[in-house]
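So the structure is just underneath, and the comments pick up after that.
Bear in mind that the values in this text are calculations on the coordinates, not laboratory data. Note that this is a predicted model, so its numbers are computed, not measured. Cβ: placed from backbone, ideal geometry, glycine included. Neighbour counts: every protein chain shown.
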Amino acid sequence: MSETIDLSAVRNGQLKTLANAQLANAELQGAKLADVDLSRADLKGANLKGADLSAANLQGAIARAAFRGADLSAANLRKTDFRNADLRGAIFSDAECQGASFGGSFLAGAVLSNLNLSNIDFRGADLRGATLTGADLQGADFASANLSGADLSQADLEEANFEGAVLRGTSLERANLFCARMDDAVLDGAILSGTCLEGTPLASVG
């Protein structure tokens, strides 16, 4: 990519190849970026609220940006850096998220159902009211995350880490919590009907 990028063309979806693009702090609210190649792009601080990023390629991108209400369905998000990003209400249906980082991100109300999120870093993330039904979350790290009111029903949470996490009113119905770590987790009002808790000591749960 050239050093000067026409942001108007980007917003209108006229540029389909933006790999390695320098788009830090760019104003891209509501941009039409479906199917666009943004692999390894620098989007730090950019405004992508409400943007259509469906089927876009953000593999390896620095995406510590504002994606509130964005459509990331079927996007390639492998090894994407979403740390501290605003992803409230974002849609991730059918997205590929292997190796992505969500530590400290704001995912309240986001939709992440049925995704492969095994071993993903969600440490300190805000997942209040998020939907993660049926997701593969084996080995995921939710240490100190806030999952109050989130829906993790039927999720596979084997060996996931919930140390210090807040799960007030969280639905874990029929979820697999085999050998999960729950030290100092807060489970007030959590729904645990049909939940597999084998190998998960709850003695130290708050």
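Loop by DSSP (not H, G, I, E, B), at most 13 other beta-carbon atoms within 10 Å: where is the longest site-free stretch of the chain for GluC sites (Glu not before Pro)?
4-197
Rounded, prolate or oblate: pick one for region 1-42, where a ≥ b ≥ c are the square roots of the eigenvalues of its C-alpha gyration tensor, a/c under 1.5 means rounded, and failing that, prolate if a/b is larger than b/c, else oblate.
Rounded, since a/c falls under 1.5.
Multiply the residue separation of Asn116 and Lys16 by 0.36 nm, subtract the distance between their alpha-carbon atoms, and state the gained length in nm to one decimal.
So the chain would gain 33.3 nm between Asn116 and Lys16.
Grab the Cα-Cα distance for Ser193 and Ser8, subtract it from 0.36 nm times how many residues apart they are, and report the gain in nm with one decimal.
This chain segment gains 61.5 nm when fully extended.
When the chain is modelled as a GNM with alpha-carbon springs shorter than 10 Å, which of Gly169, Gly129, Gly189 fluctuates the most?
Top of the fluctuation ranking is Gly189.
What FRET efficiency do you get for Cys179 and Asn84 if R0 is 35 Å and r is their Cβ-Cβ distance, rounded to the nearest 0.05?
Rounded to the nearest 0.05, the efficiency is 0.75.
For region 83-206, what does the equivalent ellipsoid look like in terms of its semi-axes, each the square root of 5 times an eigenvalue of the Cα gyration tensor, given largest first in whole Å?
20, 15, 13
Roughly how many nanometres apart are two label points built 7 Å out from the Cα toward the Cβ at Arg168 and Lys32?
Placing both labels 7 Å beyond Cα along the Cβ direction yields 4.4 nm.
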